[in-house]
Structures are given as structure tokens and as C-alpha cells.
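Visitor: Take a look at the following structure, please.
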Amino acid sequence: MFVSRWLTFASILGTAFAVPGQSLAKRTTVSEILTDIEDATTCTACEALLVILQALAHLGNDDFVDVITDVCELAGIDDDDVCEGAISREGPILAHDLRNMDVPSHTATLFCTTIFGLCNYPAVTEYTVDFPSAKPANATRPASSGETPIKVVHISDIHVDLEYEDGANYNCTKNICCRPYTTADSPGNTDYPAGEYGNHNCDSPLTLEESMYEAIEEYFSDASFTIFTGDVIEGAVWATNETNVEAGLNDAYNTRMPDYLNLVYGVIGNHDVNPVNSFPPAAIDTTISSQWVYDTLSSDWTQWIGSTAATTADDYGAYSVKYSGGNLRIISFNTNFYYKENFWLYEATMESDPSGQLAWLVDELDAAETAGERVWLMGHMPMGASDAFHDGSNYFNQIIQRYDATIAAVFYGHTHKDEFEIAYSNYSNPTADTATMMSYIAPALTPTSGNPTFRVYSVDPVTFGILDFEVYFANMSSPTYQTKPTWEKYYSVKEAYGSLLTPPVTDSAAELTPAFWHNLTVLFENDDSVFQDYYARKSRGWDVTECTDSDDDCKSDEICQLRAAESQYNCVEITPGIDFKKAKRSSSSSSSHQESACGESVIGRMFANFDGSVASLKTAAEAKLGSSFMDTIVNTTLSV
């Protein structure tokens with residue numbers, strides 16, 4: 001019975017709350033306890049709230065979903081259909097977590113950190129990655145070859161909405177608009193008609209996706225290949241199902257990409273599944289499987305990576321394949337196993353290596369090192385981002401440091417921003433000498449967070465180091481955009497920054513080394529105008545704001561994040577307490593400077609950021625369970 005499980009948590013409920021002079025032992029009803037929680041800003045308060053949520057979870061998935069849906073609707077977090085659709089998908093996963101979670105524990109603290117913002121991040125659980133061989137004493141990055149560069153296109157986060165309608169309402173009440181949700185939203189019935197090529201309140205229409213491919217085909221037909229760092233599916237997570245996600249993936253990979261792009265190496269994004277973010281590791285016993293999406297992507301990618309690599313993709317969405325045009329190995333790995341909104345990861349004892357992917361990655365890199373191959377690593381979520389668990393990021397960084405002479409670069413998407421991350425051998429002393437690896441984070445196609453964008457890299461054909469990159473965008477503010485987007489060069493790294501460094505880096509054959517990027521961050525510190533230019537480009541030239549240290553350490557935090565390919569060092573601070581305000585489209589519960597544009601769950605947003613949250617939970621819980629039953633449980637717990 002779930003009551004007996006509650007009894008082990010009496011010490012939590014009996015500890016003093018943040019409200020001066022009060023303790024839970026003095027409270028006699030759920031209403032009073034939840035009022036205390038609402039007023040509290042401590043980790044203990046969050047653990048007490050987890051206990052109440054556990055009671056609901058032990059009633060079963062259906063009752064849990066009913067209550068949390070009522071909370072979402074009562075609090076006005078989203079439209080009722082969004083609450084019902086998203087929570088019916090995500091709720092059973094969260095209930096599974098709560099039923100299997102010990103409170104207090106490392107897992108509970110982490111949950112309170114990432115979902116509620118009421119605990120500090122727990123220390124990284126020590127784990128030493130096992131390597132089959134020691135790092136060679138003479139392991140160094142190779143010098144640039146000086147040979148004619150090749151071009152590689154990088155696209156990310158296309159978020160194609162197959163239900164986008166030209167003329168539909170772009171000023172709707174949901175996160176994703178430009179759909180005929182109601183008769184009033186339909187073309188011809190709204191004062192806010194969406195254009196043919198998209199709107200900032202909507203994910204990408206097919207016309208925009210095809211426009212980008214046409215530009216790539218026209219201007220970069222000589223590109224050797226394209227990398228795509230994930231997220232095909234749009235953001236209407238409350239309305240997705242296996243059928244339409246599979247159709248969306250097949251449509252992108254089998255219909256449109258092959259029509260324009262000759263060779264594509266893909267990555268699995270957190271949106272490329274249903275429910276969103278749902279990637280249970282192999283060791284978890286559940287009937288909610290993501291095998292169907294691995295099967296789908298394995299089949300879709302076979303045309304480019306071959307059947308052998310596709311076999312691994314069918315296991316957990318990762319693969320390793322040799323590029324036929326040179327001495328380069330492409331390794332695509334599934335970052336969703338380290339993503340804070342993948343609720344499957346909050347197990348009683350969290351796995352150090354979910355599904356054994358890190359061990360697989362080590363084997364692939366060790367074999368590449370032995371064979372003298374260069375490697376590009378590709379993932380969706382940047383492993384230094386605030387979305388990445390500190391533990392998994394630390395273990396991944398151990399691998400990066402071991403094979404930093406073999407890995408030419410790492411490539412990501414997910415943030416929708418134009419940015420980068422630097423890895424260091426010593427994060428307590430980040431310098432040009434200790435900078436070891438670059439992570440290139442590509443901006444998105446979807447207009448929800450900026451102008452539609454893609455990158456083109458200039459690449460050494462021998463070392464496969466990045467020599468430069470150019471960013472291309474379609475300016476949505478142009479008066480001709482809705483007639484036909486014009487894709488134009490936004491900037492290149494060397495043109496924008498190379499001549500400003502000491503010494504200058506303008507030689508087209510010189511690699512953009514980790515030291516180059518570190519020196520650029522030093523320039524940002526010393527020359528504010530250069531930094532503000534970077535910050536404007538980060539948002540793809542849209543909704544540009546100034547980032548200074550005058551109010552909130554914005555500039556210092558931003559530079560800190562650029563110098564953090566390991567997430568525990570990224571200076572993102574957890575804000576204590578539940579913020580009782582309805583979440584805005586671009587808000588972030590943990591940092592105003594590094595936000596995750598991708599995959600924020602409705603449940604996560606609901607608990608982190610909404611009006612009257614705890615009061616709504618009280619109302620919904622008592623409606624489902626009865627106030628006398630809930631009060632009996634509370635009193636039984638407190639009397640032990």
C-alpha cells in the first residue's frame with residue numbers, strides 16, 4: 001500500500017519549513033500544508049510536495065493524470081485541450097518516477113532542482129569512465145593541411161508543422177499558432193492571418209523548409225554533405241501521437257531531404273518521439289517504449305549510413321559510420337539520455353550510463369584512434385547546456401578529454417541559438433592553453449526563436465578541422481519575405497572576428513581551434529561592442545536586446561556559458577522557490593540568459609512557473625481523493 005511508503009518520509013514532513021516559526025508538524029490539513037509549501041522556498045518544502053504527489057501517483061496513472069490535468073486547467077497554465085493532451089502523454093511517466101523515487105535522495109533533490117527550482121544541484125556522483133587504452137603521450141591535434149577546403153552544411157531544429165495553414169491565426173492562445181484550432185482561427189476568419197512562409201508565433205511551414213533546401217541546392221550544390229542535428233517534429237506536443245510523428249519523420253527524411261541534399265547525417269532530437277522527450281533507457285521496465293522511433297529513424301537513415309550503422313541506430317538512436325569521401329568518422333549519439341526533461345531518467349538509483357551508450361561511444365572512439373581516423377561527434381542537446389544533467393555531462397567530458405586528439409569537433413542544435421561551447425582540461429583555469437575541444441551549436445530554421453537560419457562550414461579535407469563558417473538567414477522583416485524568402489549571408493566568423501584578435505586570424509587555411517574561440521571570449525570581455533554584436537547574432541538578428549552586467553550579470557554569465565562544455569561549470573543558477581507566474585513563450589525557469597527553446601514539457605512548465613499552483617493542486621487532489629481522506633493521510637504521516 002502507498003500509505004506504508006509515506007510513513008518512511010515522516011522526518012521530512014516534520015522538519016521546519018522556511019516560514020518562520022512554523023513546522024509541518026503543526027499543520028493538520030492538506031490545505032494548511034500546501035499553503036506552507038506555497039510560501040516556502042526551501043529544498044525541504046519541495047520534498048514535502050513530492051510526498052503529496054507520490055500519494056497521487058500510487059493511486060494509479062489514471063487518477064494521477066486526472067488530478068494533474070485539473071491543476072493545469074485550474075491554474076490556467078495552458079488551454080484545456082493542451083493540458084489534457086500533454087498530461088495524458090507525460091503524466092504516466094512522471095507517476096512512474098514518483099512511485100519509484102525515494103525521498104530524500106539524490107534523485108529527489110535533482111527532481112526538485114530541475115523541475116521546481118527549489119534545490120541546489122547535488123554534487124556530481126563520482127563515476128570514472130572505463131577506457132580500453134591510455135591516452136597516448138604524444139596525442140595532439142593535427143596541424144591544418146593547407147589543402148583546398150570542402151564545404152559542409154549544418155541545419156538544425158526545422159520543426160516542420162504539417163498542419164500549418166496559410167492565413168490561419170498567428171495570434172492564438174497556444175504555444176504554436178497558424179493552425180485552425182477553432183473556426184475563429186481558420187483562414188478568412190481571423191484578423192491575424194499567417195503568411196505563406198511562416199510567422200514568429202508558429203513552427204515552420206513546408207514552404208519554408210523547402211525554401212531553405214532550395215537555397216542550399218542553389219548556392220552550395222558543391223557541399224560534400226549535410227549534418228542535421230535533430231528535431232523534425234513541431235512543438236504542438238499536446239497533439240502528437242506515434243502515427244503523426246512517424247509520418248513527419250518519414251516525410252522529412254524520405255521525401256524532401258533526398259530531393260535537395262545528396263548526403264545527410266542525422267541526429268535524433270527530443271521532439272522526434274511521442275510523448276515528447278520520452279526515451280526510456282533499456283533497463284527500465286515499462287510498456288511505454290520508444291523502439292518504434294528507433295525503428296523509423298534506422299529505416300530513414302539507411303539510405304545515407306548503410307545497414308550496418310543503421311543496426312545501432314535501431315538500438316538507441318545512435319550510430320557510427322565512415323564518410324566515404326575522406327578519413328572521417330561520423331558518430332551520432334542520443335543526448336536525450338542526459339536531458340533533464342526526459343522524465344524516465346529519474347529512477348530511484350539513476351544510471352551512470354543509460355543504455356550503455358557511453359561505453360559504446362568509447363569503443364567507437366578508441367577504434368577510430370587506433371585506425372588514425374578523425375571524428376565528428378553529433379548530438380542534439382549541447383552537453384554543456386543547462387538542460388544537461390551534471391552527472392552525464394561530467395562523464396561525457398571525461399570521454400572528450402581522453403579522445404581530444406581524435407575528435408575534430410562536436411556539433412549540436414536544440415537551443416535554437418547561434419552559439420558555441422568550449423571544453424577545457426582544467427575548468428578552474430580556463431585559458432587558451434587548457435582549451436581542448438569545440439562544440440558548434442547551430443541556430444534553427446523554425447521562426448519561433450528568430451530568423452530562419454543555416455550554417456555552412458569550411459572544412460580541412462585532411463584533418464576535418466573547422467576553418468571558418470558562414471551563417472545564412474532569411475530576414476522575416478523584409479517586405480518581400482512572404483512572397484519569396486531571400487536567403488543571404490549574415491556573417492562569417494573570420495570576417496567578423498578574425499582581424500580583431502591578437503595576433504589576427506584571417507588565413508583561410510587556419511583552423512578555428514579551441515584556443516581561437518577562447519581568445520574570442522577574452523575579446524568579448526575586453527571589447528563590449530564586439531560582444532554585443534555576438535549577442536545580437538546569437539538570436540539570429542531578431543528581438544535583439546543588450547546584454548550587460550549592470551543589472552543581472554548577463555554578460556559575465558553568457559561568457560561563462562561559452563566556456564562550459566560541461567554543464568556544472570556554466571554559471572546557470574537555480575532560482576529558489578516556485579515562481580507563480582504563467583510561463584511566457586521564451587521564459588526559462590533557471591536562467592534568463594541560456595534558455596531551452598526545445599522540448600519544455602507542459603508538466604515541467606506547470607510546476608516550475610504558474611499562478612496559484614499549490615492552491616490548484618489542493619483543489620484538484622481533494623476533488624479526486626476527498627479532503628477527509630487526504631487529511632487522514634497527512635495526520636497519519638505526521639503522527640509517526
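Visitor: Is the shape of the range 195-273 best called rounded, prolate or oblate, per the rule: a/c under 1.5 gives rounded, else a/b larger than b/c gives prolate, else oblate, with a ≥ b ≥ c the square roots of the Cα gyration tensor eigenvalues?
Guide: Because a/c hits 1.5 or more and a/b fails to exceed b/c, the range 195-273 counts as oblate.
Visitor: Starting with the fewest neighbours, write out Ser324, Ser144 ranked by other beta-carbon atoms found within 10 Å of each beta-carbon.
Guide: With the fewest neighbours first, Ser324, Ser144 line up as Ser324, Ser144.
Visitor: Using the Karplus curve 6.51 cos²θ - 1.76 cosθ + 1.60 with θ = phi - 60°, what ³J(HN,Hα) values do you get for each residue of the range 254-268, in whole Hz, with x for Gly and Pro?
Guide: 9, 9, 8, 4, x, 6, 10, 10, 7, 8, 10, 10, x, 9, 7
Visitor: Given points 7 Å out from each Cα along the Cα-Cβ axis, report the Glu525 to Thr548 separation in nanometres with one decimal.
Guide: With each label placed 7 Å out from Cα toward Cβ, I get 2.1 nm.
Visitor: Evaluate the Debye formula for the range 416-478 with equal point scatterers sitting on the alpha carbons, no solvent, and hand back log10 of I(q)/I(0) at q = 0.14, 0.23 Å⁻¹, in q order, two decimals.
Guide: Listed by q, the Debye log ratios stand at -0.57, -0.96.
Visitor: Counting other beta carbons within 10 Å of each residue's own, what order do Leu59, Leu94, Leu358 fall into, fewest first?
Guide: Leu59, Leu358, Leu94
Visitor: Once the Cα atoms of the range 367-512 are picked out, what are the Rg and Dmax in Å?
Guide: When restricted to the Cα atoms of the range 367-512, Rg and Dmax are 17.1, 55 Å.
Visitor: Which whole-Hz ³J(HN,Hα) couplings does the range 69-84 yield from phi under the Karplus relation 6.51 cos²θ - 1.76 cosθ + 1.60, θ = phi - 60°, glycine and proline marked x?
Guide: Working through the residues one at a time gives 5, 4, 4, 4, 6, 5, 7, x, 5, 8, 4, 4, 5, 5, 4, 5 Hz.
Visitor: Give a quick list of GluC sites (Glu not before Pro) in the range 141-236 that DSSP marks as loop, anything other than H, G, I, E or B, with at most 14 other Cβ atoms within 10 Å.
Guide: Answer by residue number: Glu147.
Visitor: Relative to 2.2 N^0.38 Å, what does the C-alpha radius of gyration of the range 337-384 come to as a ratio? Two decimals please.
Guide: Values: Rg = 13.6 Å, N = 48, 2.2 N^0.38 = 9.6 Å.
In units of the 2.2 N^0.38 Å rule of thumb, it is 1.42.
Visitor: What is the fewest-to-most order of Trp238, Trp487 by other Cβ atoms lying within 10 Å of their Cβ? Before the final figure, lay out each step's value.
Guide: Values: Trp238 23, Trp487 20.
Going from least to most buried by this count: Trp487, Trp238.
Visitor: Turning to a different aspect of this structure: If amide H atoms are built 1.01 Å from N in the plane of the peptide, which residues on other chains or at least 5 residues away come under 5 Å of the amide H of Leu467?
Guide: Ser458, Val459, Asp460, Leu512
Visitor: Also, quick follow-up: Which of rounded, prolate or oblate describes the range 120-194 when judged by the alpha-carbon gyration tensor and an a/c cut-off of 1.5? Write out the running numbers ahead of the final one.
Guide: Numbers: a/c = 5.33, a/b = 2.06, b/c = 2.59.
In terms of gyration-tensor shape, oblate.
Visitor: Next up: For the range 469-564, with only Lys/Arg (+1) and Asp/Glu (-1) charged at the beta-carbon, what is the dipole magnitude about the Cα centre, in debye rounded to 20?
Guide: Details: 8 positive and 17 negative charges, 119 e Å.
Roughly 580 debye for the range 469-564.
Visitor: Okay, moving on. Mind ranking 399-406, 377-384 by how tightly packed they are, going by the mean number of other C-beta atoms within 10 angstrom, highest first? It would help to have the intermediate numbers written out before the result.
Guide: Values: 399-406: 19.1, 377-384: 28.6.
Packing proxy ranking, top to bottom: 377-384, 399-406.
Visitor: Hey, any idea what Rg/Rh is for the range 237-354, computing Rh the Kirkwood way over Cα pairs? Don't skip to the answer; put the middle values down first.
Guide: Working: Rg = 14.9 Å, Rh = 15.1 Å.
That ratio is 0.98, to two decimals.
Visitor: I need the shape label for the range 439-569. Rule: rounded when a/c is under 1.5, else prolate if a/b > b/c, else oblate, with a, b, c from the alpha carbon gyration tensor.
Guide: Values: a/c = 1.78, a/b = 1.14, b/c = 1.56.
Oblate shape, in that a/c is at least 1.5 and b/c is the bigger or equal ratio.
Each value in this text was obtained by applying a stated rule to the coordinates, not by laboratory testing. All values derive from a computational prediction rather than experimental measurement. Positions of Cβ are generated from backbone atoms using ideal geometry, with glycine treated the same way; all protein chains shown enter the neighbour counts.
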